[in-house]
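Chemist: Take this structure first; my questions come after.
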Amino acid sequence: KERPLTFFGKGLCAHVPFAYPIAPELADIVYKCASGIEMKDVNVHKGGTYVCMEGPQFSTRAESLLHRSWGANVIGMTNSTEARLAMEAEIAYATLAMVTDYDCWREEEEEVNVADVITYLKKNAANAQKIVAAVVTELGKSPPKCAVHDALKFAFLGDVNVLAKEEHKKSLGA
């Protein structure tokens, strides 16, 4: 609610495609890199469904069970806005989701609490740094061409130059 949901507005609206927010070419590289790194007690998965909820509060058990019944694999508080903004900026986007708790997925575990989440965040940070370093190295060798790089090609209704000039005039009070 408090984060900007678009780079556009005020007269200029971009209708970017968002059926597939993750760039498969980039996701393949992330998966390949993550799978190739030795990490203790870490299972690497590719794909899945991410549900983005408004934080900072954790989900209720009922909400988590609902998300699970929908087939969600991961519940988080980021990702949706970032993916939308990346699409508008024509930047390939992929998610590296690292689990901090199992919520309703493991009924025998305690309910989510901040202390446990922080503990797992610290453990995950070292693994994330290794994976991101490997991904950056791989991208430096051969950056993939992704469909998202042309996301704005047909996103505007009307002449963008005219719309932008009109908005600029409005911002100057003209």
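Chemist: Note down the net charge around R68, summing +1 for each Lys or Arg and -1 for each Asp or Glu among other residues with Cβ under 12 Å from its Cβ.
Modeler: -1
Chemist: Something else about it: Once the Cα atoms of helix 24-35 and of the chain are each reduced to a long axis, what angle between those two axes, in degrees from 0 to 90 to the nearest 10, is obtained?
Modeler: The answer is roughly 30 degrees.
Chemist: Would you mind working out the accessible area per residue for the chain, using a 1.4 Å probe, and quoting it in Å²?
Modeler: The answer is 70 Å² per residue.
Chemist: Find, to one decimal place in angstroms, the Kirkwood hydrodynamic radius of the chain, where the mean of 1/r is taken over every pair of different Cα atoms and then inverted.
Modeler: It is 18.8 Å.
Chemist: How many lysine pairs does segment 59-158 hold where the Cα atoms are under 29 Å apart and the two sit 8 or more places apart or on different chains?
Modeler: The result is 6.
Chemist: Just how large is the dipole of the chain about the Cα centre, in debye to the nearest 20, putting +1 at every Lys and Arg Cβ and -1 at every Asp and Glu Cβ?
Modeler: Numbers: 19 positive and 23 negative charges, 134 e Å.
In total the dipole reaches around 640 debye.
Chemist: With +1 assigned to the C-beta of every Lys and Arg and -1 to the C-beta of every Asp and Glu, and no other charges, what is the dipole magnitude of segment 110-163 about the Cα centre in debye, to the nearest 20? Before the final figure, lay out the partial values.
Modeler: Values: 6 positive and 6 negative charges, 73 e Å.
Charge dipole of segment 110-163: 360 debye, to the nearest 20.
Chemist: Which one, V42, V114, H67, is farthest towards the positive end of the dipole of segment 33-163 when Lys and Arg carry +1 and Asp and Glu -1 on their Cβ?
Modeler: Farthest along the dipole direction, towards plus: V42.
Chemist: Tilt of helix 114-141 relative to the longest C-alpha principal axis of the chain, in degrees (0 to 90, nearest 10)?
Modeler: Value to nearest ten degrees: 60.
The values are calculated or read from the model by the stated rules, or taken from the named source; none is laboratory data. The structure displayed is predicted, hence computed values, not measured ones. Every residue, glycine among them, receives a Cβ derived from its backbone with ideal geometry; neighbour counts consider all protein chains shown. Side chains are part of the model used for accessible areas, which takes the heavy atoms of the whole protein and leaves out ligands, DNA and RNA. Shrake-Rupley method; radii C 1.70, N 1.55, O 1.52, S 1.80 Å.
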